[in-house]
1. Output the qualifying pairs, or none if there are none: Cβ atoms under 8 angstrom, residues six or more apart or on different chains, first residue in the stretch 32-49 and within 16 Å of residue 22 (Cβ to Cβ), second residue modelled with pLDDT under 70 and part of a loop (DSSP other than H, G, I, E, B).
2. Of everything in the stretch 5-30 that's open to solvent by 50 Å² or more (accessible area, probe 1.4 Å) and part of a helix (DSSP H, G or I), which residue is farthest from the ligand (Cβ to nearest atom)?
3. Which one is modelled with the highest pLDDT, of the residues in the stretch 31-43 that are more than 10 Å from the ligand (Cβ to nearest atom) and either of a type in the set (D, E, K, R) or more than 12 Å from the chain's Cα centre (by Cα) (or both)?
Amino acid sequence: MPPCPICGRPAAPRQQNLAAPFCTPRCKLIDLGKWLNEEYRGPLPEGAEPDDESPSTAAHPNQEQA
Ligand SMILES: [Zn+2]
């Protein structure tokens, strides 16, 4: 059994520990909070485009008239 990823203390196996792989439910909550924080603060994707003013429906009006 690996140690608790939050505090590094030995974590009891899952059979004896509802919070496994964390040592306590408290550490489990801390880990959950870290995940949520990272999602909120995460950097924007590189390909994210700023809001474009032009409507996509009228992007190429001449292409459909051959
Ligand atoms: Zn812990």
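1. As it stands, the answer is none, since no pair meets every condition given.
2. 15
3. 34
The values are calculated or read from the model by the stated rules, or taken from the named source; none is laboratory data. Keep in mind that this is a model prediction, so the values were computed, not measured. Glycine gets a Cβ as well: all are built from the backbone with ideal geometry, and neighbour counts include every protein chain shown. Note: accessible area is taken over every heavy atom of the protein model, side chains too, but ligands, DNA and RNA are not part of it. Shrake-Rupley method; radii C 1.70, N 1.55, O 1.52, S 1.80 Å.
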